[in-house]
Amino acid sequence: MRSAKLRDELRRHDSVRRQTFAKGPGRWQVSWYAGGDEVAQVIVDERQGRAVEVWTGPQVAWQMARGTEGAFGRKVNAPQVWIPLALAFFIPFFDPRRPLRLVHLDLLVLLSFSISHVYFNRGEIFTSVPLVYPVLAYLLVRMLMLGRAHRAPRPPPFLLVPATWLLLGLIFLIGFRVGLNLTNSNVIDVGYSGVIGADRITDGSDLYGAFPEDNRAGDTYGPVNYYAYTPFEQIFPWSGSWDDLPAAHAAALAFDLLTMVALFFAGRMLRAGREGNVLGLVFAYAWAAFPYTLFVLNSNANDSLIALLVTVAFLLLAHPRARGAALALAASAKFAPLALVPLWASYDRRRLRDAIAFSLAFGATVVLAFALVVPDGGVRELWDRTIGFQLGRDSPFSIWGQEDLGPLQDMVKGAALLLAAALFFVPKEKSKLQVAAFGAAVLIAMQLSLSHWFYLYVVWWLPLAVIALLGTTASPRPEPSPVRTTAPARSLSSRSERPSPIRRLWPFRT
């Protein structure tokens, strides 16, 4: 009882009972219970003769809130990895001639999730969680601004380095990401869930219900999440325990690499020829360099699957049936992309038949995806295990879970739903870049209202945000050289005729 933190917690309860458990050689866990809830937990080391861990509040039930080193992403959290990635993400798009460009601030704000992350890694969740919301709010406003301002593609983004350097950087980053995943990564519960679900599908067992004790809530996602893991589980069969799970590693790597490929083709979709190739390279590089995509990959989580499917749905905007089916797959993996339905349905609202074709394809794909895995309890059990569970969960990883702000949370939820619905009607005509910006805004608004938010969720909207930010950034045009009429001819190698260093780095022909 030497811990002031423990004494303060126990004073809050009229009656507590204590129970002791063995935690291994020389280590003991002492837990205090008030009613049926564990309210405090202490780990005692006999050899040191003292408590080495003291947990109270939400950190008792939520081990992920304790700042355990390596629990998520392993070495990705190390400054020697994180900081170079952040620099690699920002520097190629920095325009030294116009340092006050708004896109610079946008990129820095994307990286500013790192400030909250530092406190999360320390186990200081009552500091880390509130720091997330200004970042999300800023990005929501910026995406809405970009959606209103940009109706047509603009010139490609400014690059401080030649496109060839960016390609070499991308190749290096891909090799680094794959190597780090294979040598220094862990599989968190969501990746484990995908492997279990894939095994149950291929064995003909019920997908929902009766997951193993070490992952009881692993069946809370849509069936497409588990279908996506099936080929990898067939190649690397599940052993039946939470071991290294090579199928989860293979799936996470595939989702990550395929997202880069999809982003490259998004650049080609927005612009033709060489400029399209460069823009696609920009998008793929931005994904590879952004620290949180590696955080997801090194946690072997399933969140990059959502990024991949949303990007594919963006690629298929011009094809109503295909974009409906693709968005349905995303919404049937995790449910957040449901918020994109009004926006995607109204991409070309001038043609009613296209909206009808989108809706029919979306509905048919969802029905087919779920029809194959309906449990014995029917639709009600399916709802309770998935969407019902997600809506009813409590969490200390949001301000809504940390404070009693129910009415305000309801208002934020309502505003997010209103935004999603309003985008069906306005603007009446939408460019592809507007769809990207508004799509990112809808997903960010939805995340602002979630009772459980985590850093892994950043990648849900990141591809759309990258497309909106870097696909609409105007490039500075070099000024035309003055016409000389009387000056004597000079050698091309003369110092005065050499292009400036920045001009030599300019990757586009003019």
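Roughly how many whole Å is it from the C-alpha centroid of the stretch 426-476 to that of the stretch 167-214?
Computed from Cα coordinates, the inter-centre distance equals 26 Å.
Could you calculate the contour length gain from ALA61 to ARG353, that is, 0.36 nm times the residue separation minus the distance between their Cα atoms, to one decimal place in nm?
The ALA61-ARG353 span can extend by a further 100.0 nm.
Using 0.36 nm times the number of residues separating SER15 and LEU102, minus their current alpha carbon distance, what extension gain do you get?
In short, 25.7 nm is gained.
By count of other Cβ within 10 Å, fewest leading, how are VAL52, VAL366 ordered?
If I rank by nearby Cβ atoms, fewest first, I get VAL52, VAL366.
Contour minus end-to-end for GLU38 and LEU368, with contour as 0.36 nm per residue of separation and end-to-end as the Cα-Cα distance?
Here the answer is 114.5 nm.
Based on the mean of other beta carbon atoms within 10 Å per residue, what is the order of 201-207, 445-451, most packed first?
So the peptides 201-207, 445-451, ranked by packing, come out 445-451, 201-207.
Give the angle, between 0 and 90 degrees and rounded to the nearest 10, that separates the Cα long axis of helix 273-289 from the longest principal axis of the Cα atoms of the chain.
Tilt relative to the chain: about 30 degrees.
For helix 303-315, what angle does its Cα long axis make with the longest principal axis of the chain, in degrees from 0 to 90 and rounded to 10?
Orientation of helix 303-315: about 30 degrees from the principal axis.
What ranking do GLU381, GLU69 get, fewest neighbouring Cβ atoms within 10 angstrom at the top?
Going from sparsest to densest Cβ surroundings: GLU69, GLU381.
Taking the Cβ-Cβ separation of ILE235 and GLU69 as r and a Förster radius of 30 Å, what is the calculated FRET efficiency to the nearest 0.05?
So the FRET efficiency works out to roughly 0.45.
Using the basic label-point model (7 angstrom from Cα toward the beta carbon), what is the ASP243 to ASN184 distance in nanometres?
Taking the two extended label points, one gets 2.5 nm.
DSSP loop trypsin sites (Lys or Arg not before Pro) in the stretch 410-459 with at most 15 other Cβ atoms within 10 Å of their Cβ, which ones?
Passing sites in the stretch 410-459 are LYS428.
Where does the chain land at 222 nm, in deg cm²/dmol rounded to the nearest 500, when only DSSP H runs of n ≥ 4 count, each adding -39500 (n - 2.57), divided by all residues?
Calculated mean residue ellipticity at 222 nm is -17500 deg cm²/dmol.
First measure r as the distance between the Cβ atoms of PHE176 and PHE94, then evaluate 1/(1 + (r/R0)^6) with R0 = 25 Å and state the FRET efficiency to the nearest 0.05.
The calculated FRET efficiency here is 0.70.
Tell me which trypsin sites (Lys or Arg not before Pro) from the stretch 163-248 have a DSSP coil assignment and no more than 14 other beta carbons within 10 Å of their own.
Taking the stretch 163-248 and a limit of 14 other Cβ atoms within 10 Å, the loop trypsin sites (Lys or Arg not before Pro) found are ARG216.
Every read-out reported here was derived from the displayed coordinates using simple, explicitly stated rules and does not represent laboratory data. This is a predicted model, so every value here is computed, not measured. As a convention, Cβ positions derive from the backbone with ideal geometry for all residues, glycine included, and neighbour counts pool all protein chains shown.
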